[in-house]
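Read the structure below first, then the notes.
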Amino acid sequence: METILVTGGAGFIGSHVCVELIEAGFRVVVIDNFVNSTPEALERIESITGERVHFMDVDMMDLDSLDEVFLTYTIDAVIHLAGLKAVGESVTDPLQYYRYNLTPLLHLCECIEKHHVHRLVFSSSATVYGPPQHVPIPETHPVKTENPYGRTKHMSEQILKDFQRSYFPVKIVILRYFNPVGAHQSGLIGEKPTGVPNNIMPYITEVAIGRLPVLHIFGDDYPTRDGTCIRDFVHITDLANGHVKGIEATERMDPGVAVYNLGTGKGTTVKELLHTFEHVTQTTIPFTIADRRSGDVAVSYADVRAAERELGWKSTKGIEDMCKDAWRWQHLNPTGYVKR
Ligand code: UD1
């Protein structure tokens, strides 16, 4: 049985990745500092899978304690998800983003080389493409980062490419996520942002449960079919499964770095998402039209052919499943993770 280290394994994406890994037969070791997650998520992963999640309370800013993880377990491959991800916060506090998104990656690369690990999957974002010159967006689309968060993702990709050139055996898969939404169909794990959500789906579910009064749609005068922005929403369990495929790809690929989009290849407008949510959950979401949000692009969706061809990965779930599952999670856990 192979052992996979998942950094940030208690978070929204991490918890779903752990479930998919365990169900695919991997042993999982999680490290997390719970800055934007909770230990309860690990209990829930165990409830879903019936398997123990190995956990070490490690802050990746501390190289020695990270090294301890590699001394304690024989790690076959690493999935690096830990990081900060709020665009607005990265503009007001850029140094925090450079410090906490880059230092842990440097430490991780040091440990990977020192302990002769050869396989790494890294969590990047479609935000690195900036305003698309054309859609669907292939991995070869030029990169244009427009905020410190996006720049930390692009810099991390560059660091990994340089690292690979210096540590030849390593095989790295970089995954650029489009818009992950939804929750595990058990309703036991899901997304619980701290404070007011920045992203659309948790905002909708919090309005639906009555925690927020009204959804503000940021602009309805974009050049799209209904005036609202188009995004490539991808179900979180599909996205998580893409990591399993990424790990499997690092087994068979030649040393090097490969980059893949994870999306559905289909664009959905904000209003279409909202109306699908209302339809499948039989709720009514009050909304108002607000000003455009600075930094938003009108249309973004992925060219997913590379992931399909080379990873053997394809999304399976549609917008209705994403809405149903997001709502089930919110409904069963109105205040997020509370110990059962
Ligand atoms: C955002 C980030 C992106 C990050 C991703 C992580 C920005 C500009 N981009 O993507 O870098 O990788 O989250 O998941 O923050 N919307 C509303 N009302 C809301 C919230 C969102 O109308 O209350 C609209 C937005 O204007 C946008 C769409 O919904 O058109 C999706 O927004 P969001 O969920 O924040 O994702 P992105 O902006 O695509």
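Values as computed for the structure displayed
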quantity: Residues within the range 287-336 that are modelled with pLDDT of 95 or more and at positive phi, tallied; calculated: 1
quantity: Qualifying residue in the range 156-177 (condition: of a type in the set (Gly, Ala, Ser), modelled with pLDDT of 95 or more and more than 19 Å from the chain's Cα centre (by Cα)); calculated: yes
quantity: Inter-residue pairs, beta-carbon under 9 Å, first closer than 14 Å to Glu146 by Cβ and in the range 293-315, second open to solvent by less than 30 Å² (accessible area, probe 1.4 Å) and away from the ligand (no atom under 12 Å from the Cβ), 6+ apart; calculated: Ser300/Ile137
quantity: Residue within the range 142-156 that is within 17 Å of Phe178 (Cα to Cα) and small (Gly, Ala, Ser) present; calculated: yes
quantity: Exclusive hit being more than 14 Å from the ligand (Cβ to nearest atom), open to solvent by less than 20 Å² (accessible area, probe 1.4 Å), at pLDDT 95 or above and not polar (S, T, N, Q), set Val117, Val128; calculated: Val117
quantity: Selection count, the range 287-305, where residues are open to solvent by 20 Å² or more (accessible area, probe 1.4 Å), within 30 Å of Lys171 (Cα to Cα) and within 11 Å of the ligand (Cβ to nearest atom); calculated: 1
quantity: Some residue of the range 242-250 being of a type outside the set (Val, Ile, Thr) and outside any helix (DSSP H, G or I); calculated: no
quantity: Residue tally, condition of a type outside the set (Phe, Trp, Tyr), away from the ligand (no atom under 16 Å from the Cβ) and out of contact with any Leu (no Cβ under 6 Å at 6 or more places or on another chain), over the range 162-186; calculated: 11
quantity: Residue identified as farther than 30 Å from Val117 by Cα and within 11 Å of the ligand (Cβ to nearest atom) among Thr228, Thr284, Thr264, Thr194; calculated: Thr228
quantity: Of all residues in the range 258-286 being in a strand (DSSP E or B) and out of contact with any Cys (no Cβ under 8 Å at 6 or more places or on another chain), the one that is most open to solvent (accessible area, probe 1.4 Å); calculated: Val259
quantity: Checklist (1) open to solvent by less than 20 Å² (accessible area, probe 1.4 Å); (2) touching a strand residue (DSSP E or B) at 6+ places or on another chain (Cβ under 9 Å) applied to Pro148, failing item; calculated: (2)
quantity: Top-ranked residue in the range 203-218 [being open to solvent by 40 Å² or more (accessible area, probe 1.4 Å) and touching a residue at least 60 places away in the same chain (Cβ under 8 Å); ranked as farthest from Lys324 (Cα to Cα)]; calculated: Phe218
quantity: Test: residue in the range 176-199 that is among the basic types (Lys, Arg) and open to solvent by 40 Å² or more (accessible area, probe 1.4 Å); calculated: yes
quantity: Residue under evaluation Lys317, criteria (1) basic (Lys, Arg); (2) out of contact with any Asp or Glu (no Cβ under 6 Å at 6 or more places or on another chain); (3) in a loop (DSSP other than H, G, I, E, B), criterion not met; calculated: (2)
quantity: Wholly enclosed strands (runs of 3 or more DSSP E) of the range 1-108 bearing at least 1 residues touching a Phe, Trp or Tyr at 6+ places or on another chain (Cβ under 9 Å), of a type in the set (A, V, I, L, M, F, W, C) and crowded, with 19+ Cβ neighbours inside 10 Å; calculated: 3-7, 27-31, 77-80
quantity: Matching residues in the range 186-196 - criterion: being out of contact with any Ser or Thr (no Cβ under 7 Å at 6 or more places or on another chain) and at pLDDT 95 or above; calculated: Ser186, Gly187, Gly190, Glu191
quantity: Any hit, the range 109-125, residues being within 27 Å of Trp329 (Cβ to Cβ) and among the charged types (D, E, K, R); calculated: no
quantity: Subset of the range 231-254 that is open to solvent by less than 10 Å² (accessible area, probe 1.4 Å) and near the ligand (Cβ under 10 Å from one of its atoms) - its residue that is farthest from the chain's Cα centre (by Cα); calculated: Asp232
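The values are calculated or read from the model by the stated rules, or taken from the named source; none is laboratory data. Just so you know, these numbers come straight off a predicted model, no measurement behind them. Reconstructed Cβ throughout: ideal geometry from the backbone, glycine too, with neighbour counts over all protein chains shown. Surface accessibility is based on the protein's heavy atoms, side chains included, excluding ligands, DNA and RNA. Shrake-Rupley method; radii C 1.70, N 1.55, O 1.52, S 1.80 Å.
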